[in-house]
Amino acid sequence: MTDWIKQIASAAVLNQAWNAVRKDKSRWTRDLTMQDIEPNLPLHIGRLAEELLNGQYRPQRVRCFEVPKASGSTRTICAPAVRDKLVQRAFLTVLEPLGEDIFHPNSFGYRPMCTVDMALARLREWIRQGYHWLGDADISACFDAIPQQPVLEQLMALCGDDRVITIVDRWFNAIPPAFRPSGQGLGLPQGMVLSPFLCNLYLHDMDMDLEEQQIPFVRYADDFIVLGTSEAAAQSALDRAAASLQRLHLQLNPDKTQIIRTAKSHSFLGKKLPNVRQQRIAG
């Protein structure tokens, strides 16, 4: 069995992770600033590697705060210490290729070498093939509502290393209870480096459900579109997606989910959808 912690704690991976966080403005730990550690950086990173290898690594309590949203409500952001962000980045470096081996090609959000334009290109290709009716969907409070235990189980199935699972669970529990928007055992912390990857891992089940039912779709994190050749077909596809999400203890946001016919008056991921007539001319 592959020793994933050994890979995560390797000098090459930790140095790569350091390069990703070195300009972070947060503190290294509660007691040390980034300026404090720079004169003895190899010592601090070496100590971190040792803690990972001998099972003594413990994350610090996460600093959380509220930021305003355009809607007038607030969003909870939880910012780990840079030391913990570095370890999370190292985890992502090692785990991400495992996810890439299984993730669906119609999933584009928060994946290496994937962009919004690629998601739109896939959507336009479906439309060119005659799928002019769309179930434009948004998952209600997705990151906050995802249950943590099934995520840990899926991660265990992916890597097979219970030490990885133990550390990820500790990151979940490093969030102060007052800042857990959905309660104990729920939510992927927004601010945790691994959260987008874990979201894709959890929603992979829905992707495969849609694939098995031969439903065309494009997903970008918690935003997705299912397609049909008629309004009824699009509604049926959306109903099946909703049923799949219900099995995952998630639900569609009724205020942001609708059946539409592709047209420039609608957009997906901030980009206008094509008109059917223009697509026919282009074809």
**Request:** Just give me the residues in region 246-276 being among the charged types (D, E, K, R) and within 20 Å of Ala233 (Cβ to Cβ), in sequence order.
**Result:** Arg261
**Fill in**
Filtering region 138-193 down to residues that are polar (S, T, N, Q) and within 18 Å of Ile8 (Cα to Cα) yields Thr166
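Condition check ((1) open to solvent by 10 Å² or more (accessible area, probe 1.4 Å); (2) at positive phi) across all residues:
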site	(1), (2)
Arg180	yes, no
Gln214	yes, yes
Phe217	no, no
Asp239	yes, no
Gln251	yes, no
Asn275	yes, no
**Request:** Check Ala119 against each of (1) in a helix (DSSP H, G or I); (2) within 15 Å of the chain's Cα centre (by Cα) and name the one condition it does not meet.
**Result:** (2)
**In region 87-116, residue most open to solvent (accessible area, probe 1.4 Å) [restricted to those that are touching a residue at least 40 places away in the same chain (Cβ under 8 Å) and over 16 Å from Phe197 (Cβ atoms)]** = Val116
**Prompt:** Does any residue of region 218-226 turn out to be part of a loop (DSSP other than H, G, I, E, B) and among the basic types (Lys, Arg)?
**Reply:** no
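Report yes if Lys256 is within 14 Å of Arg124 (Cβ to Cβ), assigned to a loop (DSSP other than H, G, I, E, B), touching a strand residue (DSSP E or B) at 6+ places or on another chain (Cβ under 9 Å) and not polar (S, T, N, Q), otherwise no. Step through it out loud before you land on a result.
Values: within 14 Å of Arg124 (Cβ to Cβ): no; assigned to a loop (DSSP other than H, G, I, E, B): yes; touching a strand residue (DSSP E or B) at 6+ places or on another chain (Cβ under 9 Å): yes; not polar (S, T, N, Q): yes.
Here the answer is no, as Lys256 does not meet what is asked.
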**Fill in**
Filtering region 159-206 for residues that are of a type outside the set (A, V, I, L, M) and under 26 Å from Thr74 (Cβ atoms) leaves a count of 22
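Matching residues to (1) touching a Pro at 6+ places or on another chain (Cβ under 9 Å); (2) surrounded by 17 or more Cβ atoms within 10 Å (Cβ to Cβ); (3) not small (Gly, Ala, Ser):
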site	(1), (2), (3)
Ile139	no, yes, yes
Cys159	no, yes, yes
Phe172	yes, yes, yes
Pro176	no, no, yes
Gln184	yes, no, yes
Gly187	yes, yes, no
Val193	yes, yes, yes
Cys199	no, yes, yes
Tyr202	yes, yes, yes
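The values are calculated or read from the model by the stated rules, or taken from the named source; none is laboratory data. A quick note: this is a predicted structure, and the numbers were derived from the prediction, not measured. Neighbour counts run over all protein chains shown; Cβ positions are idealised from the backbone, glycine included. Surface areas here come from the heavy atoms of the whole protein model, side chains and all, with no ligands, DNA or RNA. Shrake-Rupley method; radii C 1.70, N 1.55, O 1.52, S 1.80 Å.
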